[in-house]
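Right, one structure below, let's go through it.
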Amino acid sequence: MNFQNDYLNRVYEEVCRRNAGEPEFLQAVREVLESLKPVVEKDPSIEKNGVLERIVEPERFIQFRVSWVDDKGQVQVNRGYRVQFNSAIGPYKGGLRFHPSVNASVIKFLGFEQVFKNSLTGLPMGGGKGGSDFDPKGKSDMEIMRFCQSFMTELAKHIGADTDVPAGDIGVGAREIGYLFGQYKRLRNEFTGVLTGKGLTYGGSLVRKEATGYGLLYFTSEMLKNMKQESLQGKRVVISGSGNVAIYAAQKAQELGATVVAMSDSNGYIIDEAGIQLAVVQQIKEVERARIKEYAQRVPSAQYVEGCRGIWSVKCDVALPCATQNELNGQEAQQLVDNGVMAVAEGANMPCTPEAVEIFLKNGIFFGPAKAANAGGVATSGLEMSQNSMRYSWTAQEVDEKLKGIMVNIFHSAYNASKEYGAPGNLVLGANAAGFAKVAQSMIAQGVAY
Ligand code: NDP
Ligand code: 2IT
């Protein structure tokens, strides 16, 4: 890797040495460093203050054993993580992921990206992330509860409403947050806003559940409006995944006049030319926790195709990857381009490989990177923290308006930064540069402990 800049080369070499065998983390760091080339060349105080070598190293990385007892009475052991990446602009903030693929590399890439994403929201939140290699699929409700309680028994030592505020991510929704919150309260005898994504009856915020998906569409609308005088009205949209982000992205896309023609899960995808019936997807996924395949058995206009990656062969105007990292590669990006895609916005974190992103940018596709496009979830978590601190709740309309305002602002911050640094329309560069600015300035202002 050569960034054509000594400082960037030096920092990246050291990151590779320290984090060998962590491909997702290195991928996330490389993308940010590439974007920051014009920024460090313009502002020598970044190198002088060692900002980059500090920003790529987590402030704290916690790994712990999570033992629990399954329904058969057998002892199970999983691995738990929390990375507290950067607290320059606020308490660590970021979700918890429960998925068998979770490891140190995945948690660190997510925590690193969260630092810049949270900064872009304009709210005072640092970056963190956590999770476990626990697989919630096929587990009973009581097994989920016991796992969450054991996980929180250790995590509670490291978090707090003014220290580190976790939330959901893949495999962690309202049910898990409820069990985690209950255990924290039991251990500490404190009712505080230590988690976000809570249920509405005990301190949750209206619109948090919908926020990432809605925010993604607010961002995409603003991007289409400003970069092409276009709207979502009448567009064909393909959305990967059928979890929290995908479902509410689909709901808002439909509200804005688009037709969502395909959705997926990790086994396969459905195509419904008549437009996906979201109530059916919600029944299957949110109520029954079943497979997307079921949809084709219930809706005659639909077809199910085994294998989730094929979803990118479905012709569309707008593609919204909302499942997981590296789910869309260069070949699949080329197929989308050949099929006439106009815009791609990332609901998931790092769903497009570097090759895919390059193909989109090279072909003039409007591309919304995750840090900007999916920041609506954590932004609304920030609004949940504010409401908890005030011991007050805003109406759904108030939260939704604030969310929309934040997403519109994020688009313009990234767009303006892309122009400022000589790459107009490159929102990858723009989002990284804009998110970095506030964190870097705060790190410099707070000095180096020695
Ligand atoms: P959910 O657990 O609700 O849904 C995840 C969806 O993605 C499911 O349809 C799942 O399918 C699919 N999926 C997960 N892992 C894989 C995989 N390895 N291969 C193929 N499909 C997979 O999670 P969310 O909707 O909350 O999260 C989706 C993405 O959005 C993640 O990248 C997350 O980091 C990101 N995100 C989430 C936010 C939030 O507020 N929840 C905020 C910002 C970003 P299956 O059921 O078969 O596993
Ligand atoms: O990736 C993300 O931004 C999230 N999973 C949401 C984090 C949060 O704290 O709401």
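Among residues belonging to region 263-305 that are outside any helix (DSSP H, G or I) and of a type in the set (F, W, Y), point out the one that is farthest from P321 (Cα to Cα). Step by step, filter region 263-305, then rank; the result is Y304. Considering (1) crowded, with 22+ Cβ neighbours inside 10 Å; (2) closer than 27 Å to A433 by Cα; (3) without any contact (Cβ under 8 Å) to a residue 40 or more places away in the chain, the lone condition that K108 does not fulfil carries the number (3). How about region 345-450: which helices (runs of 4 or more DSSP H) wholly inside it have at least 1 residues that are surrounded by fewer than 22 Cβ atoms within 10 Å (Cβ to Cβ) and on the phi < 0 side of the Ramachandran plot? Output list reads 354-362, 376-390, 396-420, 427-446. Exactly one residue out of E222, E255 is charged (D, E, K, R) and in contact with a Phe, Trp or Tyr (Cβ under 6 Å, 6 or more places away or on another chain): that is E222. Within the span defined as region 210-229, every residue fails to be assigned to a loop (DSSP other than H, G, I, E, B), on the phi < 0 side of the Ramachandran plot and away from ligand 1 (no atom under 16 Å from the Cβ). Name every residue in region 58-80 that is loosely packed, with under 14 Cβ neighbours inside 10 Å and out of contact with any Phe, Trp or Tyr (no Cβ under 9 Å at 6 or more places or on another chain), in order of residue number. Within region 58-80, R65, S67, D71, K72, G73, Q74 meet the criteria.
Matching residues to (1) assigned to a helix (DSSP H, G or I); (2) within 15 Å of ligand 1 (Cβ to nearest atom); (3) without any contact (Cβ under 8 Å) to a residue 12 or more places away in the chain; (4) touching a Cys at 6+ places or on another chain (Cβ under 7 Å):
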{"residue": "M125", "(1), (2), (3), (4)": "no, yes, no, no"}
{"residue": "G128", "(1), (2), (3), (4)": "no, yes, no, no"}
{"residue": "F134", "(1), (2), (3), (4)": "no, yes, no, no"}
{"residue": "G138", "(1), (2), (3), (4)": "no, yes, yes, no"}
{"residue": "D162", "(1), (2), (3), (4)": "no, no, no, no"}
{"residue": "V165", "(1), (2), (3), (4)": "no, yes, no, no"}
{"residue": "E176", "(1), (2), (3), (4)": "yes, yes, no, yes"}
{"residue": "L187", "(1), (2), (3), (4)": "yes, no, no, no"}
{"residue": "G193", "(1), (2), (3), (4)": "no, no, no, no"}
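Can you name the residue in region 331-378 that is closer than 20 Å to E24 by Cβ and among the acidic types (D, E) and is also nearest to the chain's Cα centre (by Cα) among such residues? Selected residue: E346.
No value in this document is a laboratory result; all are computed from the given coordinates. Keep in mind it's a predicted model, so treat the numbers as computed, not measured. No Cβ is skipped: glycine too gets one built from the backbone with ideal geometry, and neighbour counts run over all protein chains shown.
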